[in-house]
Amino acid sequence: MTDATDIKTGGEGRSSGFRHILSNYGIHIFLVLLVAVSGIVSPAFLSANNISNMLLQVAPLGIVVIGQAFVIILRGLDLSVASVMATAAVIATGFSGVNSDMPMIIAISLAIGAGTGLVNGLLVTKRDVSPFLATLATMIMLQGFRFAYTQGAPSGNVPPLFRVVGAETFYGIPYNLMLLAVLAVIFGILLARSRFGREVYITGGNPTTARLLGINADRVIVSGYVISGVLAAIAGLVLSGYVGIVDNWVGRGFELDSIVAAVMGGIALSGGRGTIVGGLIGAAILIVVFNAVLMFGMPVQLQIIIKGLVIVLAAAFYVRRSV
């Protein structure tokens, strides 16, 4: 015979199970519902062309989010990613525009990304500069470098192979999405399965504990910023191939979008928690929301309002989970 205690225990178990599902898969469920509702409101949203367009758009942002994830897990922020992207894109158009220039373009762009990340990491670890101010400073310095390099107006052509990677598809699957998948697997394994990944989580969770365990916390933090800079440079090259025409502001807004995507995906601003997959789900949600706004015929300016609302909701949800 079932008594009141059994009923209460069963109810609590179901409630606990629901909370567990919501906590671990809520962002995935939200993405599915968002796509479904958008498709119902506007059938054109689920057309093959629009889906392909969204997949092309999510790749550059997703690549930046992977790097931003490392930094945020380490209790930091990287505001320089958009400037690194723009600088890499400008470099990509500064040569003759033939495929033979690609090795040089890639080498210089990655060096700029790694160098920027190194400076950010050293400012944060060795000079105790806040991540916000450190990355803001490098962002501004890169802007000055770009304007000095281009005299205000970039000129040149994007190599054809970059155009293929950034804007073409293989049987409907964008090449840049394939690149995103490869990078996500590589850095996902690095974060979740390697010794370095464990050091990232421990350092982000409690830097003092990390040092007591013999972990070189400064080295780990610097490495996180270098990863973010390198991936931002790669994203800039991909984005240059997507847009075809480059100016000094390519990638503008990606610094905010990447942070919002990461937080929505469950990467804790307090550090020590989060996954690459979660960040990528957050990036997909942003792209779907922005695309839906346009498909519904709403003003482009509404994207800014929605972005602000997303930040508030994501922050509120994070605080609630942390309590």
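Going by the structure shown, is Ile215 aliphatic (A, V, I, L, M), surrounded by fewer than 24 Cβ atoms within 10 Å (Cβ to Cβ) and modelled with pLDDT under 85? Don't jump to the end; show me each part of the working.
On the way: aliphatic (A, V, I, L, M): yes; surrounded by fewer than 24 Cβ atoms within 10 Å (Cβ to Cβ): yes; modelled with pLDDT under 85: no.
Answer is no for this residue.
Is it the case that segment 194-207 has a residue that's modelled with pLDDT of 95 or more, touching a Lys or Arg at 6+ places or on another chain (Cβ under 7 Å) and part of a helix (DSSP H, G or I)?
Yes - at least one qualifying residue is present in segment 194-207.
So which helices (runs of 4 or more DSSP H) are wholly in segment 99-185 and hold at least 2 residues that are among the aromatic types (Phe, Trp, Tyr) and at pLDDT below 95?
The qualifying helices (runs of 4 or more DSSP H) are 131-150.
Looking for whichever is at pLDDT 70 or above and not in a helix (DSSP H, G or I) here; the options are Gly297, Gly282, Gly308. Which one fits? Spell out the reasoning first.
Working: Gly282 fails: not in a helix (DSSP H, G or I); Gly308 fails: not in a helix (DSSP H, G or I).
Only one candidate qualifies: Gly297.
Could you give me the residue pairs with C-beta distances under 9 Å whose first residue belongs to segment 156-171 and is at positive phi and in contact (Cβ under 8 Å) with a residue 24 or more places away in the chain, whose second residue is assigned to a helix (DSSP H, G or I) and not small (Gly, Ala, Ser) wherever it lies, and which are 6+ apart or on separate chains?
Close Cβ pairs (under 9 Å, with a partner that is assigned to a helix (DSSP H, G or I) and not small (Gly, Ala, Ser)) amount to Gly156/Val90.
Tell me, yes or no, whether segment 248-257 has at least one residue that is in a helix (DSSP H, G or I), buried (at least 24 other Cβ atoms within 10 Å of the Cβ) and of a type in the set (A, V, I, L, M).
Checked segment 248-257: no residue is in a helix (DSSP H, G or I), buried (at least 24 other Cβ atoms within 10 Å of the Cβ) and of a type in the set (A, V, I, L, M).
Can you pull out the residues in segment 172-199 that are touching a residue at least 12 places away in the same chain (Cβ under 8 Å) and either hydrophobic (A, V, I, L, M, F, W, C) or farther than 24 Å from Ile281 by Cβ (or both)? Step through it out loud before you land on a result.
Step one: filter segment 172-199 for residues touching a residue at least 12 places away in the same chain (Cβ under 8 Å), giving 172-174, 176-177, 179-180, 183-184, 187-188, 191-192, 196, 199.
Ile173, Leu177, Leu179, Leu180, Leu183, Ala184, Phe187, Leu191, Ala192, Phe196, Glu199 - these are the residues of segment 172-199 that are touching a residue at least 12 places away in the same chain (Cβ under 8 Å) and either hydrophobic (A, V, I, L, M, F, W, C) or farther than 24 Å from Ile281 by Cβ (or both).
Please enumerate the residues belonging to segment 129-140 that are surrounded by 14 or more Cβ atoms within 10 Å (Cβ to Cβ) and either more than 20 Å from the chain's Cα centre (by Cα) or of a type in the set (A, V, I, L, M) (or both). Can you show your working first?
Filtering segment 129-140 down to residues surrounded by 14 or more Cβ atoms within 10 Å (Cβ to Cβ) leaves 129, 131, 134-139.
Listed by number, the residues that qualify are Val129, Ala134, Leu136, Ala137, Met139.
Modelled with pLDDT of 75 or more, more than 30 Å from Ile186 (Cα to Cα) and either buried (at least 19 other Cβ atoms within 10 Å of the Cβ) or in contact with a strand residue (DSSP E or B) (Cβ under 8 Å, 6 or more places away or on another chain) (or both): does that describe Ala292?
On the way: modelled with pLDDT of 75 or more: yes; more than 30 Å from Ile186 (Cα to Cα): yes; either buried (at least 19 other Cβ atoms within 10 Å of the Cβ) or in contact with a strand residue (DSSP E or B) (Cβ under 8 Å, 6 or more places away or on another chain) (or both): yes.
Answer is yes for this residue.
Please state which one of Ala59, Ala114 is in contact with a strand residue (DSSP E or B) (Cβ under 8 Å, 6 or more places away or on another chain), in contact (Cβ under 8 Å) with a residue 12 or more places away in the chain and of a type outside the set (S, T, N, Q). Before you say what the answer is, go through the steps one by one.
Details: Ala114 fails: in contact with a strand residue (DSSP E or B) (Cβ under 8 Å, 6 or more places away or on another chain).
Going through Ala59, Ala114 in turn, the sole match is Ala59.
Among the residues in segment 194-210, are any under 30 Å from Ile105 (Cα atoms) and of a type in the set (A, V, I, L, M)? Explain how you work it out, then say what you get.
If we filter segment 194-210 for residues that are under 30 Å from Ile105 (Cα atoms), which is where we start, we get 196-197.
Checking the rest, the ones that are also of a type in the set (A, V, I, L, M) come to none.
Looking for residues that are under 30 Å from Ile105 (Cα atoms) and of a type in the set (A, V, I, L, M), one finds none in segment 194-210, hence no.
Quickly run through segment 62-76 and pick out the residues that are surrounded by fewer than 24 Cβ atoms within 10 Å (Cβ to Cβ) and closer than 18 Å to Ala233 by Cα.
Going residue by residue through segment 62-76, those that are surrounded by fewer than 24 Cβ atoms within 10 Å (Cβ to Cβ) are 75.
Within segment 62-76, none qualify.
Regarding Ile227, is this residue more than 23 Å from Ile63 (Cβ to Cβ), hydrophobic (A, V, I, L, M, F, W, C) and buried (at least 18 other Cβ atoms within 10 Å of the Cβ)?
Judged against the criteria, Ile227 is not a match.
The values are calculated or read from the model by the stated rules, or taken from the named source; none is laboratory data. A quick note: this is a predicted structure, and the numbers were derived from the prediction, not measured. Note that we place each Cβ from the backbone using ideal geometry, even for glycine, and neighbour counts take in every protein chain shown.
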